[in-house]
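Let me begin by presenting the structure, written as structure tokens, before commenting on it.
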Amino acid sequence: YLRVQSETALQVPAQLQPEDVFLAQKEAGDLLLGLFLGVLVAMMLYNLALYFSARETGFLLYGGHVLALLFFIVSWQGLGATWFWPGLIGLQSSSIAIATFLVIGFSTWFCCVFLQLNQDNFPYYRLFIAIRVFAFGGVLVMPVLPIQWAVVSSSALSVPAIVLVAR
């Protein structure tokens, strides 16, 4: 029997496999995840170096976006709870929502700066700014929000953010 209970989003993929198959698949998955995270760290550091050499805000914002994406992936995969914040139970339960808010906030901010968006050239500019404000505001109100609301609101905010970024 397996009983799983959670107040937040939860994934429980289950499959019976021979040990050697399981270990081979786990090693391959861990290698790919490690490579992906390594590429993201390299991108973040490269953009940080570009920011310090060129003083262009876009590089810093893109670095923030990549850092937020790293935070999201590390949270989603459980690596954060295992390696980075093992004793912080509150952060373990809210890290995915915080990371989602940060990714939305930094990606919309980066798009505004990089594409030089304003009211004259983008009809949804005010909505775009409102989404960014709600995203960063979501990070600030996380300590007082019930975790279910935080997960639902960060997920719901991602839909208009993606649509507007794609426009």
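Can you pull out every residue in region 17-42 that is under 28 Å from Gln92 (Cβ atoms) and assigned to a loop (DSSP other than H, G, I, E, B)? Of everything in region 17-42, just one residue is under 28 Å from Gln92 (Cβ atoms) and assigned to a loop (DSSP other than H, G, I, E, B), namely Gln17.
Pick out the one residue from Val133, Val144 that is β-branched (Val, Ile, Thr) and either at pLDDT below 90 or part of a loop (DSSP other than H, G, I, E, B) (or both).
Answer to the selection: Val144.
Considering the conditions (1) charged (D, E, K, R); (2) assigned to a loop (DSSP other than H, G, I, E, B); (3) over 24 Å from Leu140 (Cα atoms), Glu7 is excluded by exactly one of them, (3). Could you tell me which residue of region 71-80 is farthest from Asp30 (Cα to Cα), considering only residues that are open to solvent by 30 Å² or more (accessible area, probe 1.4 Å) and touching a Leu at 6+ places or on another chain (Cβ under 7 Å)? Among residues in region 71-80 that are open to solvent by 30 Å² or more (accessible area, probe 1.4 Å) and touching a Leu at 6+ places or on another chain (Cβ under 7 Å), the one farthest from Asp30 (Cα to Cα) is Phe71. Give me the residue from region 1-23 that is open to solvent by less than 100 Å² (accessible area, probe 1.4 Å) and in contact (Cβ under 8 Å) with a residue 24 or more places away in the chain and, out of that set, nearest to Trp149 (Cα to Cα). Looking at the filtered set, the residue picked out is Thr8. Among the residues of region 133-152, those that are within 14 Å of the chain's Cα centre (by Cα) and either open to solvent by less than 50 Å² (accessible area, probe 1.4 Å) or more than 15 Å from Ala68 (Cα to Cα) (or both) comprise Ala135, Gly138, Val139, Ala150, Val151. Output yes when any residue across region 53-69 is touching a residue at least 12 places away in the same chain (Cβ under 8 Å), over 26 Å from Ala130 (Cβ atoms) and not aliphatic (A, V, I, L, M), and no when none is. Taking every residue of region 53-69 in turn, none turns out to be touching a residue at least 12 places away in the same chain (Cβ under 8 Å), over 26 Å from Ala130 (Cβ atoms) and not aliphatic (A, V, I, L, M). From the list Leu117, Leu67, the one residue that fits, being open to solvent by less than 50 Å² (accessible area, probe 1.4 Å) and not acidic (Asp, Glu), is Leu117. From the residues in region 81-105 that are more than 16 Å from Ala9 (Cα to Cα), part of a helix (DSSP H, G or I) and free of Cβ contacts under 8 Å to residues at least 24 places away in the same chain, which one is least open to solvent (accessible area, probe 1.4 Å)? Looking at the filtered set, the residue picked out is Thr82. Only one of these is in a helix (DSSP H, G or I), modelled with pLDDT of 95 or more and open to solvent by 40 Å² or more (accessible area, probe 1.4 Å): Leu61, Leu45. Name it. Criteria check complete, one pass: Leu45.
The values are calculated or read from the model by the stated rules, or taken from the named source; none is laboratory data. Computed from a predicted model, the values in this text were never measured in an experiment. Cβ atoms come from the backbone with ideal geometry, glycine included; neighbour counts cover every protein chain shown. Only protein heavy atoms, including side chains, enter the accessible area calculation; ligands, DNA and RNA are left aside. Shrake-Rupley method; radii C 1.70, N 1.55, O 1.52, S 1.80 Å.
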